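The values are calculated or read from the model by the stated rules, or taken from the named source; none is laboratory data. Since this is a predicted model, take the numbers as computed values, not measurements. Please note: Cβ atoms are built from the backbone with ideal geometry, for glycine as well, and neighbour counts cover all protein chains shown. Side chains included, ligands, DNA and RNA excluded: accessible areas come from the protein's heavy atoms. Shrake-Rupley method; radii C 1.70, N 1.55, O 1.52, S 1.80 Å.
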Amino acid sequence: MAAAANAYAAVPSHRFRRLQALCRPGIDYSLFYNQSEKSGFHNLDVDNHVGAALQVGFDYMVDEHWDVNFNVKKSFVETDWKADHDFLGPLSGKAKIDPWLIGAGVTYRF
């Protein structure tokens, strides 16, 4: 399993427009936990990773208080792993995991 926390540098926005496009570069931190092992493999270890991320999307102001949004995030993750195999001995390598995250939401502004 992996958990990702994204910190994005905000691009200035102005609330006088109903539709606002966004493009935000950022930093991704991927934390790998509950690493399960398959038969014959032991001591699996996947390193946590800090890498680049990109978010694009839009916000649409329905009225003064309500906002709907949609975004797509791409994280670029390449991490090291190692494990022990019953017959092959120690193994290691790199795992390239570049997930796409799709989000949508509704916001109410007080």
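Here are a few things to note about the model shown:
- Three-way shape label, segment 53-110, alpha-carbon gyration tensor, a/c 1.5: prolate
- Theoretical FRET efficiency, 1/(1+(r/R0)^6), r = Cβ-Cβ of LEU88 and GLU37, R0 22 Å, to 0.05: 0.95
- Cα gyration tensor, the chain - rounded (a/c under 1.5), prolate or oblate: prolate
- The alpha-carbon of LYS94 sits under 21 angstrom from the alpha-carbons of these lysines, leaving out residues fewer than 8 places away in its chain: LYS38, LYS74, LYS82.
- Surface analysis of the chain yields an accessible area of 70 Å² per residue, using protein heavy atoms and a 1.4 Å probe.
- Expressed as a whole percent, the accessible area of segment 23-101 that falls on carbon and sulfur atoms is 61 (1.4 Å probe).
- Applying both filters, DSSP loop and at most 11 other Cβ atoms within 10 Å, to the chymotrypsin sites (Phe, Trp or Tyr not before Pro) of segment 9-102 gives PHE16, TYR33, PHE87.
- Other residues within the sphere of radius under 14 Å centred on the Cβ of ILE27, judged by their own Cβ, net out at +2 (K and R +1, D and E -1).
- Long-range HN-HN contacts of ASN48 with modeled amide H, under 5 Å: PHE32
- For trypsin sites (Lys or Arg not before Pro), the sites in segment 14-110 that DSSP calls loop and that have at most 15 other Cβ atoms within 10 Å are ARG15, ARG17, ARG18, LYS38, ARG109.
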